[in-house]
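Below is one structure, written out as C-alpha cells, with a few remarks after it.
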Amino acid sequence: MYTREQASQLRQAFWTAFGQYLSPHLSAEGLKTNWSNYKTGIKHVYFRMQAEKKSASIAIELTHPDLEIQQLYFEQFEELRTLLHESLGEEWEWDLHTTDENGRTVSRIYKEIAPANVFNKDDWPTLISFFKPRIIALDEFWSDAKYSFDSLK
C-alpha cells in the first residue's frame with residue numbers, strides 16, 4: 001500500500017506525463033490546450049478524467065446546483081447524442097442525477113475501463129491510450145456543440 005502522500009505523488013506524476021504526452025496536440029480550434037484540466041467555458045459543465053486503483057473514466061459532468069437547470073443541460077446533451085457518439089466513435093453511459101464521491105447530485109455522460117490502476121506504471125500506456133482519443137474527440141465535439149448551450153448560460 002501507498003501512503004496518502006505517495007499515492008498523491010503517483011497520481012500527479014501520471015497526470016504530468018499525460019499532459020506532456022498531449023501537449024504537442026492542439027485543440028480542434030488550433031489552440032494550445034491543458035488537456036488534463038480541460039476548460040469547457042461553461043460554468044457547471046466539465047470534462048473530467050479520473051484514474052484510480054481499479055478503474056479509470058472520462059466523463060462530461062454537469063454539476064449545476066439547481067437540479068432543474070442541471071436537467072436542462074443534460075437534455076441539451078441528449079439532443080446532441082448522435083453527434084457526440086459519432087465524434088467519439090462509441091456509445092457512452094448516460095446518468096441523470098446521480099451522486100458523486102462528495103455526495104452532490106450531478107449528471108454524467110461517461111466511459112469507463114476496468115481493470116486499470118494509476119498506481120501501476122505498467123498500466124499508464126493503457127490509461128493514456130484510453131484517455132487520449134476520447135478527450136481529443138470530446139474537444140472536436142465541443143468545438144461545434146458548445147454554441148447550443150449559449151442560451152443556458
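All of the numbers you see were taken from the coordinates with simple rules; none came from a lab. In this text, all values refer to a predicted model and were calculated from it rather than measured experimentally. Counting neighbours? That spans all protein chains shown, and the Cβs are built from the backbone with ideal geometry, glycine included.
Once you put a point 7 Å from the Cα of ARG4 and another 7 Å from the Cα of ASN37, both along the Cβ direction, what distance in nm separates them?
About 2.1 nm separates the two model spin labels.
Considering Cα pairs under 8 angstrom that are at least six residues apart, work out the relative contact order of the chain and quote it in whole percent.
Computed value for the chain: 26 percent relative contact order.
Could you work out how far apart the two model spin labels at GLU90 and ASP122 are, taking each label as a point 7 Å from the Cα in the direction of the beta carbon, and quote it in nm?
Between GLU90 and ASP122, the label points sit 2.2 nm apart.
With unit charges on the beta carbons (Lys and Arg positive, Asp and Glu negative) and the dipole taken about the Cα centre of the chain, which residue among VAL106, THR63, TRP124 sits farthest to the positive side?
TRP124
In terms of the ratio Rg/(2.2 N^0.38 Å) built on C-alpha atoms, what value belongs to the stretch 68-153?
1.24
If I take all pairs of Cα atoms in the chain, what percentage of them are more than 27 Å from each other?
Result: 24 percent of Cα pairs exceed 27 Å.
Please arrange HIS85, HIS64 by counting, for each residue, the other beta carbons lying within 10 Å of its beta carbon, fewest first.
The fewest-first ordering by Cβ neighbours comes to HIS85, HIS64.
Using each residue's phi in the stretch 41-50, evaluate 6.51 cos²θ - 1.76 cosθ + 1.60 at θ = phi - 60° and report the 3J(HN,Hα) Karplus result to the nearest Hz, with x for Gly and Pro.
Once rounded to whole Hz, the list reads x, 10, 4, 6, 10, 10, 9, 10, 10, 10.
Would you tally the net charge around PHE18, using a Cβ to Cβ cut-off of less than 13 Å, leaving PHE18 out, and scoring K and R as +1, D and E as -1?
+3
Starting from the Cα-Cα distance between ARG11 and ARG104, subtract it from 0.36 nm times their residue separation and give me the gain in nm to one decimal.
31.1 nm
Mind scanning LYS32/LYS54; LYS32/LYS53; LYS32/LYS111; LYS32/LYS132; LYS43/LYS132; LYS39/LYS111 and naming the pairs with a C-alpha gap bigger than 21 Å?
Violating the 21 Å limit, Cα to Cα: LYS32/LYS54; LYS32/LYS53; LYS32/LYS111; LYS43/LYS132.
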